[in-house]
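Shown next, in structure tokens, is the structure this report addresses.
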4 protein chains.
Amino acid sequence: MVVTLNGNIDEKSFQKIIKWIESHNVKIKTVESDRHTVMVLTGDTALIDETVLSSFDGVLNAFHLSENCTATSREYSPCDTEIELSPFGEKVTVGKGLCIIAGPCSVESEEQISEIAKKVKAAGASVLRGGAFKPRTSPYSFQGLREEGIKYLERARAEAKIPVVSEIMDIRHIELFENIDILQVGARNMQNYELLKELGKIRKPILLKRAPSASIDEFLMSAEYIMCGGNENVILCERGICSFEKETRNTLDLAAVALLKMRTHLPVIVDPSHATGIAGIVEPMSLAAVAAGADGVMIEVHSRPQDALCDGKQSITPHTLEKIVKKASNVKKASECQ
Amino acid sequence: MVVTLNGNIDEKSFQKIIKWIESHNVKIKTVESDRHTVMVLTGDTALIDETVLSSFDGVLNAFHLSENCTATSREYSPCDTEIELSPFGEKVTVGKGLCIIAGPCSVESEEQISEIAKKVKAAGASVLRGGAFKPRTSPYSFQGLREEGIKYLERARAEAKIPVVSEIMDIRHIELFENIDILQVGARNMQNYELLKELGKIRKPILLKRAPSASIDEFLMSAEYIMCGGNENVILCERGICSFEKETRNTLDLAAVALLKMRTHLPVIVDPSHATGIAGIVEPMSLAAVAAGADGVMIEVHSRPQDALCDGKQSITPHTLEKIVKKASNVKKASECQ
Amino acid sequence: MVVTLNGNIDEKSFQKIIKWIESHNVKIKTVESDRHTVMVLTGDTALIDETVLSSFDGVLNAFHLSENCTATSREYSPCDTEIELSPFGEKVTVGKGLCIIAGPCSVESEEQISEIAKKVKAAGASVLRGGAFKPRTSPYSFQGLREEGIKYLERARAEAKIPVVSEIMDIRHIELFENIDILQVGARNMQNYELLKELGKIRKPILLKRAPSASIDEFLMSAEYIMCGGNENVILCERGICSFEKETRNTLDLAAVALLKMRTHLPVIVDPSHATGIAGIVEPMSLAAVAAGADGVMIEVHSRPQDALCDGKQSITPHTLEKIVKKASNVKKASECQ
Amino acid sequence: MVVTLNGNIDEKSFQKIIKWIESHNVKIKTVESDRHTVMVLTGDTALIDETVLSSFDGVLNAFHLSENCTATSREYSPCDTEIELSPFGEKVTVGKGLCIIAGPCSVESEEQISEIAKKVKAAGASVLRGGAFKPRTSPYSFQGLREEGIKYLERARAEAKIPVVSEIMDIRHIELFENIDILQVGARNMQNYELLKELGKIRKPILLKRAPSASIDEFLMSAEYIMCGGNENVILCERGICSFEKETRNTLDLAAVALLKMRTHLPVIVDPSHATGIAGIVEPMSLAAVAAGADGVMIEVHSRPQDALCDGKQSITPHTLEKIVKKASNVKKASECQ
């Protein structure tokens, strides 16, 4: 840890700082600069709060020299984490190759989800998405079929033999999701820490969406909440951040994908449908995500977008999905070959 | 509802739209413009989803003519909502006059919170704040004293005879908060809808903080989640939004305060401490909040900011609070007199 | 144009609006809705200012039905604009295939720019970039070699036989740029309208960078300033927008690239170097840009990044450029094949 | 300057860094930490570029210990700068007391500006604003009366005996502004450095508006461009920054006002009209600005807002201005008294 003091600090302030630091049981080495005094602290500095130290009179700044080696970091696990699912024999891996997750925003009926499950599988998707519990901005909007929706998802999953991902919003629902392969934490709940802690106690893969106002560090720290509970099966999902630009619902931050792949061993996928809200650019944004290094994409697909109970404007058809899967696969090869 | 069609729409597309609209049991009146056809729909158009209708071929745009009259709106209740608390006889009102909420970020010990409770009351605060359950970005940071913290808060409250507000993060904790006067929903949980729904079932005042990426509409809709459950005692709290500017932790959006006072009957308060993260500008930002029309401010106060276990950098002393209370009261008078 | 009135508008306000509208020489057709009156205006409505009309008592909203057919729009020119340069015989096209622009942030010496010119050409670049006039945030930072830098650029261009792009900051410098093939307008000058108007009077290609706070509409309108003066050779360049995320210098908005390709016939390129400020992610961001539909990329290359007088942190070496050019070309093919 | 090296840096990389640093003629003192080496550089470190040094292998970070003492800083001039104008005998001071600048967005006709000049003066304004050269997003919008507008402004100024401020967009126009008391640099030109340098050569007060994407540092650096040319008469104007929130045109950043007053001796004013774009909240935002410490406000006033050629929606009447002036003056007193 490095602490910089004003050169003209008075003796009393100086002694106060020294006393405070020493109460933390660390060693201090000091260097005089022209107008400043620089102290290097060694030992167990983790308990020293930078912001508190910075608030003492005479302290110019104070910062830790290295991040703690967190469970999400590449230092902790140099190899890429691969999350395997094979509820029906066939193996699906997230974190190796290209994983396509597709399906409707909401489960609307048993027929709807069963039909789409087969169609997205045929189009090349390896995981089915579908919301039963829907977080809607307005309490007067359709809130999902809830328990019933989960049942329909289970049947569609079994019929089409495809693993499913669905969003969980309430700690009390964990048991309901017994037959769901991947539990999604939505952007609005990314910092619902009590939920994250509970999900750290189970062993199912968790697909964690980035909140629109979360920095990369905050995003990783939310994954850390799950991992430090013991559940290391976390999939990160970039889905757009908030900015002044309103042509798209959010601003898809693909540089974050490239940075995450450098900093963490966890799989990173991208949701171009919610990020942009525009069906017409889901294809180029899916390809760009793959070219940026994403391990997969999660795309909203509806057999009849105009009849969707929510987010119809951003849904594509199974036919378009098929084209995207092919191109994305080619783009992945093109961007990886040496 | 108004729907605008391209003038050169083909007959098939046109009939498809008409059929879809008529399936909603509304009436259509049509006007031809030079290059467009404008349809005005009347009747119960609430069930027509604008985004779906906009996605039909040939539709230029579609929008509802009036917002639904929501529970938070001035149409629903033209008079300002006043929330009264008087657990100790003395009446405290939020939504009339100036309400000062003050206290430490976290409850750190029984002595700490008891001491501050008396000091902030003496300085002019009418509600004590103090976090027992702390939402921290990192799972490795101090998470609050939790159940124990609530007990200390209860004692400090009884001794100083001052109502308290504290943050609730988990549905399962509601009973623990029995003796807490106001339940706070933090910015990170503003869209934790399952929590909001539960808080709609009780009758305690809820202090709802705006998420840093929430629009004014989204903020009001979260209040609506609580209100449509039957709990109309909601206090809105602006605490900074996210922007590119990083000199302050967030960007305090005081225009939102002025707009909220126009659009809703609910009380609006401002938290300049978390919004800016800088103790040195808590005073001007508190005064600006009051001048902008806020019904109160919530300020972090610590007897010894440098010993605070979190957010020491943004805490002021009880002495500074006293000065702010006096000035804020004068600013309120100055900005209201005709 | 559509104007919606409150149903309970009083006669006086209504007559005032009608009179104001009629003074603009347009026709009015009226439809009564349940609680509103909708008026459709036809004729030359271009002169009616929506914001003025919206400010009349009783007007709920007012908007134009179609954008004017602007010079940048696909309606104006359905075919993609291709800008050709061939100062040395060999033809370089921007707007068809993949255009790689590369070179240092600043021209630092005659040797430096001559060396890099040859290296980037050998690596596959078709245009050389290099700043002679540098817009620097601080007046105390290196401001570029100015006139001298232009001379060095001219020599490097002639020796390596490669066209060059360089930034112009002052109307009075246009003559100095006589031998520069493409004039760049930097992000900070995107709304320096007097400069744009002057550049509309010449016929050289203009590379217009998006300001970090400019919406897509504002960006296109700045291109319109140049085009309506008669210069239709405009190249748009996305280089990151401002957002709360500070891991990267700006937030590269690749959805804007996809949207621009839908809305305008002008070529669109991407500058991943300035957008991110991180050399280590220039490759994935270049590939993502191409996958999103960009017509090219502009990349900062320096023979010895650590000796660069500015922006060394984001520069890559000619060797890395060569790898990117190959991969980008493959990604382009992969994303375009049917 | 402090440079932190990885403890496991290899000898070759280390020597490369040392050699590079020593080429800058500074002294190095070194301290070993547990896993790092910290070097403190003294002497004339101003020429060492942090970003270059950070890019060497083995360097963790590098930063300067103190900002250079810039002309805008409080270190340079501890007393508040007061800018005095008295073209007609009566003294107007910006930077002491409360300065009210008011007038229309654009000069529209001789009658219009003459009428408003008298009205705003009667309402309590001490400076008249009015745009002759208008920076408009679209080239097809009204661009101002230009030279003619300046003449009308001059006459209105002389008749009402009130100093005027008007925007300059082009270096070549400086002579035209001979009789204009304060030259305004608009937000779009805040980083038009060639213009700023020219304005540094004259001695007229310059009102510099903050660009919507400019940090406080960038804003001060633009002021520095003017000041280091010799013109110390700079007035800073906060007018809203860009954020995701679109209820208001921009997000008025009043914390920036409080921070600017701490960091610079220059006067700071606020433009609530352009910041919010909503006439109905100009009053609370003006009062909030004053409470936050602003030295004045600049408000758009139009005798008949609905006839304004631009920005009618945000203009208030002279009558409303009069009320604001009175309240603002009371708020200033309330927020300053001890």
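Observations on the structure shown:
- Probe 1.4 Å, all protein chains present, accessible-area order of A:Asp217, B:Asp253, largest first: A:Asp217, B:Asp253
- Counted charge near C:Pro139, where neighbours are those whose Cβ lies closer than 9 Å (Asp, Glu -1; Lys, Arg +1): +1
- Simple point charges give the picture: +1 on the Cβ of Lys and Arg, -1 on the Cβ of Asp and Glu, and for chain B a dipole about the Cα centre of about 740 debye.
- In the full protein context, the range A:67-202 carries 39 Å² of accessible surface per residue, based on a 1.4 Å probe and ignoring ligands, DNA and RNA.
- Taking the protein heavy atoms of the range B:71-142 in the context of the full set of protein chains, the accessible area attributed to carbon and sulfur is 49 percent at 1.4 Å.
- Fraction of antiparallel bridges per DSSP, the range C:204-338 only, in percent to nearest 5: 10 percent
- Label spacing, shortest first and in nm, from A:Glu90 to its equivalents in the remaining copies (7 angstrom along Cα→Cβ): 4.9, 7.0, 8.3
- Cα gyration tensor shape for chain A, rounded if a/c is under 1.5, else prolate or oblate: prolate
- Neighbourhood net charge (15 Å Cβ-Cβ; Lys/Arg +1, Asp/Glu -1) for B:Asp57: +2
- Zone residues, the range C:158-174, relative to C:Glu111, backbone N less than 19 Å from point 7 Å out along Cα-to-Cβ: C:159-160
- Using only alpha carbons, the range B:215-338 has a radius of gyration to Kirkwood radius ratio (Rg to Rh) of 0.99.
- Copy-to-copy label separations for B:Ser329, where each label sits 7 Å from Cα toward Cβ, in nm and ascending: 2.6, 7.5, 7.8
- With contacts taken as Cα pairs under 8 Å and at least 6 residues apart, chain A reaches a relative contact order of 15 percent.
- Of B:Glu283, B:Glu154, B:Glu194, the residue with the greatest mean-square motion in the GNM of chain B, using alpha carbon springs below 10 Å, is B:Glu194.
- Spin-label model, A:Ile174/C:Arg304: points 7 Å from Cα along the beta carbon direction are separated by 5.9 nm.
- Here the Gaussian network model covers chain A, with springs between Cα atoms less than 10 Å apart; of A:Phe219, A:Phe133, A:Phe142, A:Phe142 fluctuates the most.
- Helical content of chain A, expressed as a calculated mean residue ellipticity at 222 nm, amounts to -10000 deg cm²/dmol (DSSP H runs of 4 or more residues, -39,500 (n - 2.57) each, divided by residue number, nearest 500).
- Annotation for D:Glu82 and C:Glu50: the two label points, set 7 Å from Cα along the Cα-Cβ direction, are 4.8 nm apart.
- Working from label points 7 Å from Cα in the Cα-to-Cβ sense, the C:Asp217 to D:Glu218 distance is 2.2 nm.
- 7 Å along Cα→Cβ, label-point gaps from C:Cys79 to other copies, nm, shortest first: 5.6, 7.0, 7.2
- Accessible-area value, C:Arg304, 1.4 Å probe, nucleic acids and ligands omitted, Å²: 120 Å²
- Here the range A:196-338 exposes an accessible surface that is 53 percent carbon and sulfur, computed with a 1.4 Å probe and the other protein chains kept in place.
- For chain A, built as a Gaussian network whose Cα springs stay under 10 Å, the top-fluctuating residue of A:Pro163, A:Pro87, A:Pro139: A:Pro139
- Accessible surface buried once B binds D (1.4 Å probe; total of both sides; Å²): 2900 Å²
- In terms of its C-alpha gyration tensor, the protein assembly as shown comes out rounded, because the ratio a/c of the largest to the smallest axis stays below 1.5.
- Lys/Arg +1, Asp/Glu -1 at C-beta; chain D dipole; positive extreme among D:Tyr225, D:Ile113, D:Pro267: D:Ile113
- When chain D is turned onto chain C, its residue with the beta carbon nearest the axis, and that distance in whole angstrom, is D:Ser213, 2.
- Among beta bridges that DSSP assigns inside chain B, antiparallel share in %, nearest 5: 45 percent
- About the centre of its Cα atoms, the range A:1-113 shows a dipole size close to 680 debye [charges on the beta carbon of Lys, Arg (+1) and Asp, Glu (-1) only; nearest 20 debye].
- In the full protein context, the range B:204-338 carries 25 Å² of accessible surface per residue, based on a 1.4 Å probe and ignoring ligands, DNA and RNA.
The values are calculated or read from the model by the stated rules, or taken from the named source; none is laboratory data. Please read these numbers as outputs of a predicted model, since none were measured by experiment. Don't worry about glycine lacking a Cβ; one is built from the backbone with ideal geometry, like all the others, and counts go over all protein chains shown. We work out accessible area using only protein heavy atoms, side chains counted, and drop any ligands, DNA or RNA first. Shrake-Rupley method; radii C 1.70, N 1.55, O 1.52, S 1.80 Å.
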